[in-house]
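I have placed the structure first, in the form of structure tokens, so that the comments after it can refer back to it.
Bear in mind these aren't lab numbers, they're just calculated from the coordinates by the rules spelled out. Because the structure is a prediction, the values reported are computed rather than measured. Backbone-built Cβ (ideal geometry, glycine too); neighbour counts: all protein chains shown.
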Number of protein chains: 2
Amino acid sequence: IEAGRGDDLRDLVADFHETDLARLLEALPAPARPKLIELLGTDFDFTALTELDETVRVQILEELETETVVEGVRDLDSDDAVYILEDLDDADKQEILGHLPLTERAALQRSLDYPEESAGRRMQTEFIALPPFWTVGQTLDYIGETEGLPETFFEVFVVDPTYRLDGSVPLDRLLRTKRGLKLGDVVTPDRHVVQAVDDQEDVARVFERYNLISTPVVDGAGRLVGVLTVDDIVDVIQEEADEDVKALGGVAADEELSDSFWYIAKSRFSWLLLNLIAANLASFVISLFEDELQKLVALAVLMPIVASQGGNAATQTMTVAVRAIATRELRASNARRVIARELLVGLFNGVVFAVIMAAVVFARFEIADLGIIIALAMIINLVAAALGGILVPLALNRIGVDPAVSSGPFVTTITDVIGFFAFLGIAALWF
Amino acid sequence: IEAGRGDDLRDLVADFHETDLARLLEALPAPARPKLIELLGTDFDFTALTELDETVRVQILEELETETVVEGVRDLDSDDAVYILEDLDDADKQEILGHLPLTERAALQRSLDYPEESAGRRMQTEFIALPPFWTVGQTLDYIGETEGLPETFFEVFVVDPTYRLDGSVPLDRLLRTKRGLKLGDVVTPDRHVVQAVDDQEDVARVFERYNLISTPVVDGAGRLVGVLTVDDIVDVIQEEADEDVKALGGVAADEELSDSFWYIAKSRFSWLLLNLIAANLASFVISLFEDELQKLVALAVLMPIVASQGGNAATQTMTVAVRAIATRELRASNARRVIARELLVGLFNGVVFAVIMAAVVFARFEIADLGIIIALAMIINLVAAALGGILVPLALNRIGVDPAVSSGPFVTTITDVIGFFAFLGIAALWF
């Protein structure tokens, strides 16, 4: 099909939703992707590019003719256009912007000037803003008769002459209001106005917490500059959760399934190197007790159990803590209660597993002392695991470091070191 | 304030959003929560209960007077009412339903009859459905003049006399269409109609993929039974990501920050018990090589490094695989490519860390052979980690087990056992 039969292709993808088109692009070998788009010409919906992994999107955009990109971007809503342009390097970005008509260029440039991952980048700059002295009837007629309104909208915004936001009127309310009333009389102030410079994660929290469908975005002076709808926010929520999952698993937040071998090998390497240093630290702790290991080889056989049990208990606590910090459920006001509970859980499970392991060890080695030693070490390590699992993320968060990314190595090192040290240290004192 | 001064309370919370009211409830000691609600009486917005953790919600509902609950539930949208009722035990549920007027009871009962976590449970049963022969003008007048329409809506649905769905007309399109046209002429079929029995996670994927704001829900016969809006779906997406994070960290999906010590200790215990069994298996592998450990205690000092490095590399691969399976990015069509890439990453990092550790070990122990042994074991274990990390989740998913919940123990056991076995086994052959 890639041999130039554009018409057949056009027929094939005519009914495709943008997302399905994106799927098709991803399934194609890399060189065929820009070819497909050039062949489809104006029938290719650039919205599809917003549904691609960043790596694939940038690759395609770099290989497309500038003209094709310019034409494609012109057809997009401003938020989609910004989404596509923001990952390009500056030269490419300026070249494409340079080919756009002045007003469109200015609007996109303004959005691109907001910080990365801010509300300003995600917002749509097409919206309906009217003065408060218009009547409901006038508004309805205006909507009915005006060409070039935004493609979809859920409310009308009411602004003063300097574009300062008074509030909004949802379409369903507009329809159920008497035509003679003035917008100024029916408008309600938006309670969750977003600043254009706000971080998209904070904005996502607001949407989630107050079940919003869309919300106005204002600049520093309170002037309406755009509107954010929940479908853009859904992607933010998804991304953010994804980043937490990956960070906790020791994977870079931006790793994507379509990334190259080389990129992934490099990014995984740095995390594993950190872990290697931690493992060598634990190994150093073990080497302090070489004499005891020499005397009683059962210690070597058993010591990984204590360390591993501690590592897993700590991971449980850490997972809960990291996630609760991310969703703002864990706050200064309830931190003390959660810490106390984790400590109690660690102590309780420590005692239970201490009893189990003491019995197992006695059955296996028939040395009662060894059972007591592993029991004590187990309790110490599970309590340390609980404390480390909750205090490390809280401390990292306090000093402004993302706990999802950085907690893991600290917490594992703590439980490994304390696990080996407690078990071998008690054994050294005991025998 | 809890001493009965209802009026002051009413003034205080009058301006509260439901979510803030929920925050207030969670901050109060448990016995004060129902008291606050009884004091506020009809001024308490039951929507606030939907924003609470399940544990807290059920506790409050069980202590409230049945009458209060009945009154509160009557004021709610159907989806919120279902959300509140579904966690109660059957007797309580029936008692409350029994006090509701027949039509409301029937509607709620029907929603509750759909399976848990289905679209039918989350949908709103209030919507506007009109016949195709109505004109746009008639529709607009109807919306303007009719009392008792849903509180918010974004479209009108067009149905035939048996309520079979023709499609929908969004409000903004309705406003921009000539009044004389018939609904049947302007309706577009909804491309992403959801079945009431569909799982909410699948529905969330559809919303996300196609950037939907709302979508109709139909029963098995294609009759319109409700409408799902994206604000309900945002919670589902959030929950689902949360469950993945927790499952990978070895925490039960339903564990909440407000759960009791006892509940958490029990649920964490079962996971740790599984891990204990895995650790004992690894310990058994070590015990096979007691003679070697006796001869060369450096083996005991170094063996945790190999196992730990493997465990972490496997967790990286597993995290990516589990998340990609959950988001349907990893499919049969690209599994082969991803497996090959992970294998290559494992081999590459295995070789790099093999070289590093060989150098470290030689510097520490000045035994060249030991360096070669740990290098070989490191390569073997990182390749095993890569394979285990991707194949275990894929296999579990294939047999219908949630890979997020079950992959961890398998994968850790594999890397521990292979790590110890490779390192000690090669050492046994070598020396």
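Inter-copy label distances at B:Glu290, 7 Å along the Cα→beta-carbon direction, one decimal in nm, shortest first?
Those label-point separations list as 2.3 nm.
Scattering from the C-alpha atoms of region B:354-431 alone, worked out with Debye: what is log10 I(q)/I(0) at q = 0.22, 0.26 1/Å?
-0.90, -1.09
Given the options A:Ala253, A:Leu130, A:Gly425, identify the residue whose Cα lies farthest towards the positive end of the charge dipole of chain A (+1 on Cβ of Lys, Arg; -1 on Cβ of Asp, Glu).
Final value for the positive-end residue is A:Gly425.
B:Asp7 label points, 7 Å along Cα→Cβ, one per copy: pairwise distances from this copy to the rest in nm, shortest first?
8.3
Grab the alpha carbons of region A:280-350, take their convex hull, and tell me the volume per residue in Å³.
Spread over its residues, the Cα hull of region A:280-350 gives 114 Å³ apiece.
Based on alpha-carbon atoms only, what is the radius of gyration of region A:129-248 relative to the globular estimate 2.2 N^0.38 Å?
Dividing the Cα radius of gyration by 2.2 N^0.38 Å gives 1.20.
Which lysines have a Cα lying under 25 Å from the Cα of B:Lys295, excluding residues fewer than 8 positions away in the same chain?
List returned: A:Lys295.
Could you tell me how many degrees, from 0 to 90 and to the nearest 10, lie between the Cα long axis of helix A:54-63 and the main elongation axis, the longest principal axis, of the Cα atoms of chain A?
Relative to chain A, helix A:54-63 is tipped by roughly 50 degrees.
Applying 1/(1 + (r/R0)^6) with R0 = 25 Å to the Cβ-Cβ distance of A:Leu28 and A:His99, what FRET efficiency is obtained, to the nearest 0.05?
Plugging the Cβ-Cβ distance into 1/(1 + (r/R0)^6) gives 0.40.
On a C-alpha basis, how far is the centre of region A:168-213 from the centre of region B:2-78 in Å? Whole number, if you could?
25 Å
Name the residue farthest towards the positive end of the dipole of the protein assembly as shown from the options B:Ala30, B:Phe157, A:Val297, assuming +1 on Cβ of Lys and Arg, -1 on Cβ of Asp and Glu, about the Cα centre.
A:Val297
Among B:Asp219, A:Asp7, rank each residue by its count of other Cβ atoms within 10 Å, from fewest to most, as a rough exposure measure.
Details: B:Asp219 16, A:Asp7 9.
Result, fewest neighbours first: A:Asp7, B:Asp219.
For labels at B:Arg337 and A:Tyr142 in the simple 7 Å Cα→Cβ model, what's the distance in nm?
Inter-label distance under the simple model: 5.0 nm.
What percent does the relative contact order of region B:129-235 come to when contacts are Cα pairs within less than 8 Å and at least six residues apart?
Details: 157 pairs, mean separation 27.0, N = 107.
For region B:129-235, the relative contact order is 25 percent.
Which of A:Leu344, B:Leu272, B:Leu330 has the fewest other C-beta atoms within 10 Å, and how do the rest follow up to the most?
Fewest to most other Cβ atoms nearby, the residues stand as A:Leu344, B:Leu272, B:Leu330.
Would you mind getting the Kirkwood hydrodynamic radius of region A:199-348 from its Cα pairs, rounded to one decimal in Å?
19.9 Å
Apply the a/c threshold of 1.5 to the C-alpha gyration tensor of region B:69-191 and tell me whether it is rounded, prolate or oblate.
Taking the square roots of the gyration eigenvalues as a ≥ b ≥ c, region B:69-191 is prolate.
Can you compute the charge dipole magnitude of the protein assembly as shown about its Cα centre, using +1 on each Lys and Arg Cβ and -1 on each Asp and Glu Cβ, nothing else charged? Give it in debye, rounded to the nearest 20.
Dipole of the protein assembly as shown, to the nearest 20 debye: 2560 debye.
Arrange A:Thr327, B:Thr415 by Cβ neighbour counts within 10 Å, fewest through most, would you?
Listed from fewest to most nearby Cβ atoms, that is A:Thr327, B:Thr415.
How many angstrom separate the Cα center of region B:314-383 from the Cα center of region B:262-303?
Region B:314-383 and region B:262-303 have Cα centres separated by 21 Å.
When Rg is the radius of gyration of the Cα atoms in region B:261-430 and Rh is its Kirkwood radius, what does Rg/Rh come to? Before the final figure, lay out the partial values.
Numbers: Rg = 17.5 Å, Rh = 16.9 Å.
Rg divided by Rh gives 1.03.
For B:Glu366 and B:Ile277, compute 0.36 nm times the residue count separating them, minus their Cα-Cα distance, and round to one decimal in nm.
28.4 nm
Assuming 1.306 mPa s and 10 °C, estimate D for chain B with Stokes-Einstein, Rh taken as the Kirkwood radius over Cα pairs, in µm²/s.
Stokes-Einstein gives a translational diffusion coefficient of 61 µm²/s.
Treat every Asp and Glu Cβ in chain A as -1 and every Lys and Arg Cβ as +1, leave all other atoms uncharged, and give the resulting dipole magnitude about the Cα centre to the nearest 20 debye.
2860 debye
Let me check I've understood the local charge: for B:Phe16, count other residues with C-beta under 12 angstrom from its C-beta, Lys and Arg +1, Asp and Glu -1. What total comes out?
-4
Determine the relative contact order of chain A: mean sequence separation of Cα pairs under 8 Å and six or more apart, normalised by residue count, in whole percent.
11 percent
To the nearest 0.05, what FRET efficiency results for B:Trp262 and B:Glu71 with a Förster distance of 41 Å applied to their C-beta separation?
Numbers: r = 34 Å, r/R0 = 0.83.
Between B:Trp262 and B:Glu71 the formula returns 0.75.
Find the relative contact order for region A:289-400 and round it to a whole percent, using C-alpha pairs within less than 8 Å whose residues are 6+ positions apart.
38 percent
Can you list the lysines whose alpha carbon is less than 18 Å from that of A:Lys182, not counting same-chain residues fewer than 8 positions off?
Cα-Cα hits under 18 Å: none found.
Place +1 on the Cβ of every Lys and Arg and -1 on the Cβ of every Asp and Glu in region B:338-431, take the dipole about the Cα centre, and give the residue among B:Gly400, B:Ala386, B:Phe410 whose Cα lies farthest towards its positive end.
B:Gly400
Pop out the ³J(HN,Hα) list for region A:31-43 in order, Karplus 6.51 cos²θ - 1.76 cosθ + 1.60 with θ = phi - 60°, rounded to Hz; leave Gly and Pro as x.
x, 6, 5, x, 4, 4, 5, 4, 4, 6, x, 5, 7
Check the straight Cα-Cα distances from A:Lys246 and name the lysines below 17 Å, setting aside those fewer than 8 residues away within the same chain.
The reachable lysines, counting only those whose Cα sits under 17 Å from A:Lys246, are A:Lys266, B:Lys246.
For region A:6-113, compute Rh as the Kirkwood radius over C-alpha pairs and then the Stokes-Einstein diffusion coefficient at 20 °C and 1.002 mPa s; write the answer in µm²/s, rounded to an integer.
Translational diffusion coefficient: 153 µm²/s.
Mind giving me the FRET efficiency for B:Asp43 and A:Arg179? R0 is 56 Å, r the Cβ-Cβ distance, nearest 0.05 is fine.
The computed FRET efficiency comes out at 0.95.
How large are Rg and Dmax for the protein assembly as shown when calculated on the C-alpha trace, in angstrom?
30.5, 97
Residues of region A:72-115 with amide nitrogen under 16 Å from the 7 Å Cα-to-Cβ point of A:Asp199?
Counting only backbone N, you get A:115.
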